Amino acid sequence: LMSTSNIFECDEALSFKLAGTKAGKYLVTISKREVQLTRVAVKVNQDGEQVVSTLTLPTDVNADGVLRVTITDEKNAPMAERLIFRR
């Protein structure tokens, strides 16, 4: 899981690159203080494939500050996690 930036502006979509060692479906979830803000399903078709995922968050007060991005597999097991900052 790689973020295209560590800091995002409040009106900017969040963009990530996800590469899997195993083909399958993954879920990208963005949350703040254990509250889910948004999520998107991503499919990796072949081992090592890199997929770019872009998410747009609501522009309300809960969508700023330090946010946690979590990747889970089909069994809902966490695979990767990253912190980002949104102004």
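Take every DSSP beta bridge whose two residues both sit in the chain; close to 95 percent of them are antiparallel.
Phi angles of the range 31-39 translate, via the Karplus equation with coefficients 6.51, -1.76, 1.60 and θ = phi - 60°, into HN-Hα couplings of 9, 9, 6, 6, 9, 6, 9, 6, 7 Hz per residue; Gly and Pro are given as x.
Accessible surface computed residue by residue for the chain, with neighbouring protein chains in place and a 1.4 Å probe, gives 64 Å² per residue. Over the chain, the hull volume per residue, using the convex hull of the C-alpha atoms, is 77 Å³. For the chain, the carbon plus sulfur part of the accessible surface works out to 48%, probe radius 1.4 Å. A straight Cα-to-Cα reach below 21 Å connects K43 with the lysines K17, K22, K25, K75, residues fewer than 8 places away in its own chain not being considered. A Gaussian network model of the chain, with springs between Cα atoms under 10 Å, assigns the largest mean-square fluctuation among D73, D64, D11 to D11.
The values are calculated or read from the model by the stated rules, or taken from the named source; none is laboratory data. If you're wondering where the values come from, they're calculated on a predicted model, not measured in any experiment. For accessibility, only protein heavy atoms count, side chains too; no ligands or nucleic acids. Shrake-Rupley method; radii C 1.70, N 1.55, O 1.52, S 1.80 Å.
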